[in-house]
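K.L.:
Submitted below is the structure of interest, expressed as structure tokens.
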Amino acid sequence: MVRAYFISDRSGFRFPYEQRIKESTGFVVGPNEGDGNYNLKNHPQNKSPRIRAPLVLKDARPEKILEYVSSTWTPAQSTAILNYFPQFVSGTT
């Protein structure tokens with residue numbers, strides 16, 4: 001009976017031909033030398049993430065109609081206390 005062997009591309013060791021594993025990188029390795037599902041070519045860190053475009057709503061509007069707010073400011077709308085420093089108020093001595 002003729003027994004066939006192969007030389008591993010990773011370690012250079014000799015293995016029985018029936019135990020060879022061909023990886024996605026093209027290397028032919030022995031049964032205990034394979035990277036399994038994650039090797040240099042198809043490892044999850046080597047793949048770009050799947051980024052989805054944000055959901056865009058056509059003609060989106062708020063549910064509640066917002067009130068119109070005047071864009072002009074008057075001192076009466078201020079939260080400052082006018083007589084806090086009486087010495088700076090005009091007309092007092």
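Read-outs: derived from the displayed coordinates by stated rules, not from any lab. What you see is a predicted model; the values in this text were computed from it and never measured. All Cβ positions, glycine included, derive from the backbone under ideal geometry; neighbour counts span all protein chains shown.
K.L.:
What order, most packed first, do the peptides 4-10, 55-61 have when packing is the mean number of other Cβ atoms within 10 Å of each residue?
P.N.:
Details: 4-10: 14.0, 55-61: 5.6.
Going from most to least packed, we get 4-10, 55-61.
K.L.:
Collect residues whose amide H, placed 1.01 Å from N in the peptide plane, falls under 5 Å from the amide H of residue 6; neighbours closer than 5 in sequence don't count.
P.N.:
15, 17
K.L.:
Going by C-beta contacts inside 10 Å, put 18, 63 in order with the fewest on the left.
P.N.:
The most exposed by this proxy come first: 63, 18.
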